[in-house]
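Trainee: Input: one structure, supplied below.
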Amino acid sequence: MQEQEQEHFKRELGLLDGTMLVVGSMIGSGIFIVSSDMVRQVGSAPWLLLIWALTGLITVVAAVSYGELSAMFPKAGGQYVYLKEAYGKLTAFLYGWSFFAVIQTGTIAAVGVAFSKFAAYIFEPFSENNILLEAGSFRLSAAQIVSIITIVLLSYINSRGVKNGKILQTVLTIIKILSLAGLIIFGLLLAAKAETWDANFSGGWFTQSLDADSGIWSPVSGTALMGAISAAMVGSLFSSDAWNGVTFIAAEIKNPQRNVGLSLFLGTLTVSVIYFLANVMYLAVVPLQQIATAPSDRVAVVASEYIFGDIGTYIIAVMIMISTFACNNGLIMAGARVYYTMAKDGLFLRKAAHLNAHSVPAWALWVQCIWASALCLTGKYGDLLDFVVIIVLIFYILTIYGIFKLRRSMPDVDRPYKAFGYPVLPALYIVVATAISLSLLWFRTDTCGWGVLIMLIGIPVYYLTKPKTA
């Protein structure tokens, strides 16, 4: 039944479109912001670069490992399908539940609000400080309204067919790659100073954390260092997430057995290199103390002011507006395909299982739009993002372990592409990601514990709502 339905999807996305979806979905506002908090956690330039390098390495390893699964199951739904094939419907539902409740919709909300915050640099009335309505503890700001408008607009564009979404995605992503490359090159050519670089690296691998309230640096070592590294990695991991979105739209990609895996590799490698070089530029241009204390953590704004002067703020604002708009386009486009496939299995709202006249799951797009908009209104999207990283890591680990599991349970299934470096690299990812996950749960129980709880709430929901025949 599922194969028959998926014949109605139009295969209109090529390798470039798939790669641009990966890059566009990964690069949002994180790279412009998170390095500030990362420096506050570890207080060391070498550690900052090492954490970004490690994040890039495990992201690329995960992506190339997914290539085997994407070639085996080139269907709409991607990771949800892989988990269902490896573990059954319950595990797949827990992923889909978490995906809809927090992962995708919470990210869409946060990226939408980031767009409006930086739009306020250009047009001040869009600011989150411009409160339009206040009733008790509820406050409605112009930034929230703007973010909801962008989510609705992008949902509408994508409801009119995958071709519209892909053109917008490819054009905007190429613009933001060129913009980030330009920022890095101009920064290194025009504003980099040997004394800034030397001063930032003078402390070597000595680790220290900054108390934001007192402004005092304190040495960090032993088990506390593991906590600091884990806390720092939350930012880099979240900034490097959403690369798996291309697997969700595999049913709309030409020659998916080849192009999905290749898109994953090219996209994650491109972003990881850009992220690493952006941080090299920050360290060559901005003193470490200023990176740690950048207003509202906007380290890219500080760097851009060093490079371009006062106009630098506006340059970064426009870059982030383009970046977040393209990011949300990719997230919105890809996310709806997961709900569509879940609905086909009887695990989501029934109407989400239908394609519209433009061969896209429009009903799933609008349900996603409504919930993401509701999360914008709560004002709690920042808290939700802390929950996301741990859930995402758990399901990445399970999915990659699924490669080992499926090689045993489905040895005869055609594998047009096999995981690069198997079994060493997939096993390395599982070990590293598990260590990071355990460290996050131990040192950041207050947020990551809630993330795991949200995921586990899906168990009773599954048994209460699953079809009687399932």
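The values are calculated or read from the model by the stated rules, or taken from the named source; none is laboratory data. In this text the structure is predicted, and so the values were computed from the model without any measurement. A quick note on method: Cβ atoms are made from the backbone with ideal geometry, for glycine too, and the neighbour counts reach across all protein chains shown. SASA here: full protein model, heavy atoms, side chains in, ligands and nucleic acids out. Shrake-Rupley method; radii C 1.70, N 1.55, O 1.52, S 1.80 Å.
Trainee: Helix 45-72 sits at what angle to the longest principal axis of the chain, using alpha carbons and giving 0 to 90 degrees rounded to 10?
Mentor: The two axes meet at around 10 degrees.
Trainee: Work out, step by step, the length gained on full extension between I149 and V432: first 0.36 nm times the residue separation, then minus their alpha carbon distance; give nm to one decimal.
Mentor: Taking I149 through V432 to full extension adds about 97.9 nm, to one decimal.
Trainee: For W197 paired with V318, estimate the spin-label separation in nm (one decimal), with each label point 7 Å from Cα along the Cα-to-Cβ line.
Mentor: Computed distance between label sites W197 and V318 equals 2.9 nm.
Trainee: Quick check on my link table: of K75/K166; K10/K466; K10/K75; K254/K466, which ones sit more than 24 Å apart, alpha carbon to alpha carbon?
Mentor: Distance filter (> 24 Å) returns K10/K466; K254/K466.
Trainee: Now a separate question. Arranged from highest to lowest average of other beta-carbon atoms within 10 Å per residue, in what order do the peptides 155-168, 420-433, 318-331 appear?
Mentor: Values: 155-168: 19.6, 420-433: 16.7, 318-331: 25.2.
Ranking the peptides 155-168, 420-433, 318-331 by packing returns 318-331, 155-168, 420-433.
Trainee: Over the Cα atoms of the chain, each weighted equally, I'd like the Debye log10 I(q)/I(0) at q = 0.07, 0.09 Å⁻¹, rounded to two decimals.
Mentor: -0.34, -0.57
Trainee: By how many degrees, 0 to 90 and rounded to 10, does the Cα axis of helix 162-186 deviate from the longest principal axis of the chain?
Mentor: Approximately 20 degrees, to the nearest 10.
Trainee: How large is the accessible surface per residue of segment 344-470, computed with a 1.4 Å probe and reported in Å² as a whole number?
Mentor: I get 52 Å² per residue for this part.
Trainee: Taking 0.36 nm per residue of sequence separation and subtracting the Cα-Cα distance, how much length would be gained by fully extending the chain between D213 and K351, in nm to one decimal?
Mentor: The D213-K351 span can extend by a further 44.7 nm.
Trainee: Which whole-number percentage describes the relative contact order of the chain, with Cα contacts under 8 Å and a sequence gap of 6 or more?
Mentor: 34 percent.
Trainee: Leaving out ligands and nucleic acids, and using a 1.4 Å probe, what accessible area per residue does segment 229-335 come to in Å²?
Mentor: 27 Å²
Trainee: Using amide H atoms built 1.01 Å from N in the peptide plane, name the residues 5+ places from S141, or on other chains, whose amide H lies under 5 Å from its own.
Mentor: Correct list: L132.
Trainee: Also, I was wondering about something else. Residues with beta-carbon under 11 Å from that of G30, excluding G30: net charge, scoring Lys, Arg +1 and Asp, Glu -1?
Mentor: Result for the neighbourhood of G30: -3.
Trainee: What do you get for Rg/Rh of segment 96-214 when both radii come from the Cα atoms and Rh is the Kirkwood radius? Before the final figure, lay out the partial values.
Mentor: Details: Rg = 20.3 Å, Rh = 18.6 Å.
Over the Cα atoms of segment 96-214, Rg/Rh equals 1.09.
Trainee: Helix-only estimate, please: 222 nm mean residue ellipticity of the chain, summing -39500 (n - 2.57) across DSSP H runs of length 4 or more and dividing by its residues, to the nearest 500.
Mentor: Result for the chain: -23500 deg cm²/dmol, rounded to the nearest 500.
Trainee: Something else: For K176, which aspartates and glutamates qualify as cross-link partners when the Cα separation must be under 18 Å and same-chain residues fewer than eight apart are set aside?
Mentor: Hits, sequence-local ones excluded: D17, D241.
Trainee: Carbon-plus-sulfur fraction of the accessible area of segment 301-409, 1.4 Å probe, in percent?
Mentor: Its accessible area is 65 percent carbon and sulfur atoms.
Trainee: Moving on to the next point. Antiparallel versus total DSSP beta bridges in the chain: what percent is that, nearest 5?
Mentor: On the way: 8 of 9 bridges.
Once the DSSP bridges in the chain are tallied, antiparallel ones form about 90 percent.
Trainee: What percentage of the solvent-accessible surface of segment 101-144, computed with a 1.4 Å probe over protein heavy atoms, is contributed by carbon and sulfur atoms? Before the final figure, lay out each step's value.
Mentor: Values: 1080 of 1900 Å².
The value for segment 101-144 is 57 percent carbon and sulfur by accessible area.
Trainee: Kindly provide the Kirkwood hydrodynamic radius of segment 158-278 in Å, to one decimal, from all pairs of distinct alpha carbon atoms.
Mentor: So the Kirkwood estimate lands at 18.4 Å.
Trainee: Hey, can you find the accessible area per residue of segment 26-94 for me, probe 1.4 Å, expressed in square angstrom?
Mentor: Heavy-atom SASA per residue in segment 26-94 reads 18 Å².
Trainee: Follow-up question, since we're still on this one. Grab the other residues whose beta carbon is less than 14 angstrom from that of S70, score K and R as +1, D and E as -1, and report the net.
Mentor: Values: positive: K75, K254, R258, R337, R415, K418; negative: E68, E85, E252, D414.
Taking every Cβ under 14 Å from that of S70, the sum is +2.
Trainee: For segment 214-258, rounded, prolate or oblate, judged on the Cα gyration tensor with a ≥ b ≥ c (square roots of eigenvalues), a/c < 1.5 rounded, else prolate if a/b > b/c? It would help to have the intermediate numbers written out before the result.
Mentor: On the way: a/c = 7.13, a/b = 3.79, b/c = 1.88.
It comes out prolate by the Cα gyration axes.
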